[in-house]
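Student: The structure's right below; bear with me while I get my questions together.
The values are calculated or read from the model by the stated rules, or taken from the named source; none is laboratory data. No experiment lies behind these values; they were computed from the predicted model shown. No Cβ is skipped: glycine too gets one built from the backbone with ideal geometry, and neighbour counts run over all protein chains shown.
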Amino acid sequence: MSEQSTEQILADSEYKYGFVTDVEADTIPMGLNEDIIRMLSGKKGEPEWMLEWRLKAYRWWLKMKEPRWANLDFPPIDFQAIRYYSAPKQRSETEIDPELQKTFERLGIPLHERNRLEGVAVDAVFDSVSVATTHKEMLKEKGVIFCSFSEAIREHPDLVKKYMGTVVPYTDNYYAALNAAVFSDGSFCYIPKGVRCPIELSTYFRINAMETGQFERTLIVAEDDSYVSYLEGCTAPLRDRNQLHAAVVELIAMENAQIKYATVQNWYAGDKDGKGGIYNFVTKRGHCKGRNSKISWTQVEAGSAITWKYPGCVLEGDNSVGEFYSVALTNNKMQADTGTKMIHIGNNTRSTIVSKGISAGESNNTYRSLLQILPDAKNCRNHTQCDSMLIGSLCKANTFPNIEAENGSAVLEHEATTSRISEEQLFYLKCRGIKEEDAVSLVVNGFCKEVLKQLPLEFAVEAIKLLEMKLDKSVG
Amino acid sequence: MAVVLEQEVKKDEYVAGFDEAAFRALANEAETSALRELRELRFDEYRAVPLPTKKMEEWRRTDPARFPFDRMKRLPTIPRGVCAPHDWDELFDVVVSVEDAAFDIQDRGGVLGDGKVLVVPLEEALREHADRIRPFLEKRARAEAPDKYEVLGDAFWNVGLFIHIAPGVDLKRGILLRYRQSGAGGILIPRILVAVGERSNAVLVESMESPDGVEMMSVVSREFHVAEGAKLHSTTLRTWGDRTVHLAGDWARIGRDARLEWITLNFGGRLTKVRFGSDGAAPGANAELDGLFFASDEQHVDQKTLQVHSSPDTYSRLLYKGVAKDKAYSVYQGQIIARPGAIRVDAYQRNNNLVLNDGARADSMPGLQIDADDLKCSHGSTVGNLDEDEIFYLRCRGIDEGTARKTLIRGFFEDVTGRIPHECVRKVVHSQVDAKIG
């Protein structure tokens, strides 16, 4: 596809982040083997222990079989046809390429610390590497470490060694093993004891290069009595080939600590016929390690050709709390198999799950979850609300919850509904002179309200706009 | 939908003792060519279905290897004979008793004489009522891919029964089907085909029992056809002995404006895996499905229900209530399936579980699989113990704790027991519940 026609498509398309940035890239050859991993590790100037860990993960990955149990349909992935490292060439250590700067500005992400999202510190990841992290100095004063993962390996090896892979070990699953072997960058965040992180932290992921995969790793550690709120956003250019994004996110909350993690995912979802788009196969897990800790996941999944992820919480500390708020929207030929896992290990642990699925076009939207109460976990509590809305007659919505109660003192409630967008509500709004499309987005906003209100204000506004944009032309 | 965790499906695999050689011996003993042909046809279907493995979503919690097919033998085809009488016999129009060595059909209400109601062994139906049974051999009630054990029953049954009710018949007192298995090491394989004609009204009660302490097994495969405007009320009571292993695969196909009411009551058995599906096959079809289970000691009860809606304007409502006590493990898997084009469907599914003590376990997997848009499908599921506040309330009124618990558990089941129309069945349910609470 030539640049010209890409621009043309862009003009007509609802996906306004589908442009390509023309920067010189530093890449390594395509394919995957131990030499590639050595080369990748060498490029990043990693210490020996990191390389060893990668190789261990790679060897483990070789022994694994690609999982196929999800309710998803996609052709086999050729892992040798992916370029595992691509980084924009930086001119100097301190300066950001103006092209890159422009890219992030077009995406609405300020790399200079003077923009409208002033209260947010951003780590911007472009293809395989982090290009800039803002507000570092201010955070440093508080003792908060917020930097790219590569930097953390260099500057804070003890912390990385201590926590990396403790929540999602490389043996966890196929894509987690692959990620551990080839991950290129990501964010690292450490909140020391008793610190309430003064601003929102955020990472923006951008895939630019062709035929690359993005494999980033995020690790957030909140020490005793600390608090952090973290946001993640993602986009990619329009391409007619599928690209793989297999990330790992690990969260660790110690005693009385609280982590809020929000994702607004808008990877390129492919065109109307399902051509192209990102395969978003992500492992996200939080570990409530200390007593009274709390981890809260909020996700707005509006992009990707295929979304396959289950952000979960391991509730180990007594009285710890896990939350999962999700909106998953699929349109055209998109597929999503997403939900959560809540593993209750500690006593008096509580979890709340609110999931809203919206299927339009010919898409297939599946909610899948695991709620497990281990035999020694007393007085656990869960409430799950899981609703699906159907727009159009060719879409599919599935709900597959798994509830396993091995302790008699647990109180678990699960409720799910699937229904079409209410004709009556649309009619009511239309009677009042509201256009059908606006009426649909009002109803959808109302449907998702419980989840959207969990997002910080600026993100909530963007998420609403995103949902509107995605549903455009899907009615009627 | 059977989700296979890993693609390792093999064909031409046989359940231990149910292989080609065993089938040939069985086919050779068939009296008529019609019977032989039917068995052959079903055996081919059986052969094509893969064996379940622990990797399949449906079998993850109940390892198929736990079914002791290798230690048990299929009971020889059961001939007609005389069976022991039972108190309930007087309450029904037709009584079918099935024992290890004989089965018996008794016309208590004098309803079989005019041929409008047909209750005959399968081989006799094939021989003498071919025109009446033929449509139901061709059009199956199964709306989803069958399980290996359902098709095993189709091919290897040792007692087969065809019940056909002509259009416009009101069979109020209904039919009682009593299975009393007693011999150790035997596998009873009933194959039941029920067809209720247009605008007819039928009642069916099935009671399955066996003595405690004897290891045996039953594999039941049933198909129900409810024709246009007809109504079938079916009650299944399972009070198997404590070492009986039970497998069942049941399907009901519901026609235009027809209604099925089905109550399943599971108490006995060491290991039970039952699968039941209803299919709203024409507009106006209505399925009311209720279930109750009480698992205690080391019982393992795995139940799967499927509410299929293959036609628009169909309705289904399901309520399954269960208690797990001691070291019991109960599994409930439910699926509402709306096929493409099945619009204006209204389906509801509810599963409530009480886990009475640590060590007992209840898994609940309600599911929705929706391929149509203009509809309303929902499910609700709860797991919990008795409400301490409610116990306290009763104790404040001078009721001792044991009685309070018993009252609350009985109350918990009342939604389902209250729907059982037969006094005799309700009595058994109450005594089973009381005995299990202890």
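Student: Of the numbered conditions (1) within 23 Å of the chain's Cα centre (by Cα); (2) not in a strand (DSSP E or B), residue B:97 satisfies every one except a single condition; which is it?
Tutor: (2)
Student: Name the residue, out of B:387, B:371, that is facing chain A (nearest Cβ under 7 Å) and not β-branched (Val, Ile, Thr). Explain how you work it out, then say what you get.
Tutor: Numbers: B:387 fails: facing chain A (nearest Cβ under 7 Å).
Exactly one residue qualifies, and that residue is B:371.
Student: What single numbered condition from (1) without any contact (Cβ under 8 Å) to a residue 60 or more places away in the chain; (2) surrounded by 24 or more Cβ atoms within 10 Å (Cβ to Cβ); (3) of a type in the set (A, V, I, L, M); (4) not in a strand (DSSP E or B) fails to hold for residue B:202?
Tutor: The single condition residue B:202 does not satisfy is (4).
Student: Does residue B:366 satisfy the criteria of being in contact with a His (Cβ under 7 Å, 6 or more places away or on another chain) and either at the interface with another protein chain (Cβ under 9 Å from one of its Cβ atoms) or more than 27 Å from residue B:265 (Cβ to Cβ) (or both)?
Tutor: Considered against the rule, which asks whether it is in contact with a His (Cβ under 7 Å, 6 or more places away or on another chain) and either at the interface with another protein chain (Cβ under 9 Å from one of its Cβ atoms) or more than 27 Å from residue B:265 (Cβ to Cβ) (or both), residue B:366 comes out as yes.
Student: Here is a follow-up. For segment B:33-64, give me the residue count where each residue is within 13 Å of residue B:149 (Cα to Cα) and assigned to a helix (DSSP H, G or I). It would help to see each step written out before you state the result.
Tutor: Applying the first criterion (within 13 Å of residue B:149 (Cα to Cα)) to segment B:33-64 yields B:42-43, B:45-53, B:59, B:64.
Now restrict to residues that are assigned to a helix (DSSP H, G or I): B:42-43, B:45-48, B:59, B:64.
Of the residues in that region, 8 qualify.
Student: Looking only at residues in segment A:406-451 that are touching a Lys or Arg at 6+ places or on another chain (Cβ under 6 Å) and within 14 Å of chain B (Cβ to nearest Cβ), which one is nearest to residue A:322 (Cα to Cα)?
Tutor: Selected residue: A:411.
Student: The conditions are (1) at the interface with chain A (Cβ under 8 Å from one of its Cβ atoms); (2) closer than 27 Å to residue B:198 by Cβ, and residue B:313 fails exactly one of them. Which is it?
Tutor: Tallying (1) at the interface with chain A (Cβ under 8 Å from one of its Cβ atoms); (2) closer than 27 Å to residue B:198 by Cβ, residue B:313 fails exactly one: (1).
Student: Could you please let me know if residue A:426 is over 30 Å from residue A:295 (Cβ atoms) and out of contact with any Phe, Trp or Tyr (no Cβ under 7 Å at 6 or more places or on another chain)?
Tutor: Values: over 30 Å from residue A:295 (Cβ atoms): yes; out of contact with any Phe, Trp or Tyr (no Cβ under 7 Å at 6 or more places or on another chain): yes.
So residue A:426 fits the description; yes.
Student: What do you reckon, is residue A:416 buried (at least 24 other Cβ atoms within 10 Å of the Cβ), hydrophobic (A, V, I, L, M, F, W, C) and touching a His at 6+ places or on another chain (Cβ under 7 Å)?
Tutor: Numbers: buried (at least 24 other Cβ atoms within 10 Å of the Cβ): yes; hydrophobic (A, V, I, L, M, F, W, C): yes; touching a His at 6+ places or on another chain (Cβ under 7 Å): yes.
Yes.
Student: Let me ask you something else. Going by what's in this entry, would residue B:143 be described as of a type in the set (A, V, I, L, M, F, W, C), surrounded by 19 or more Cβ atoms within 10 Å (Cβ to Cβ) and modelled with pLDDT under 95?
Tutor: When the stated conditions are applied, residue B:143 passes them.
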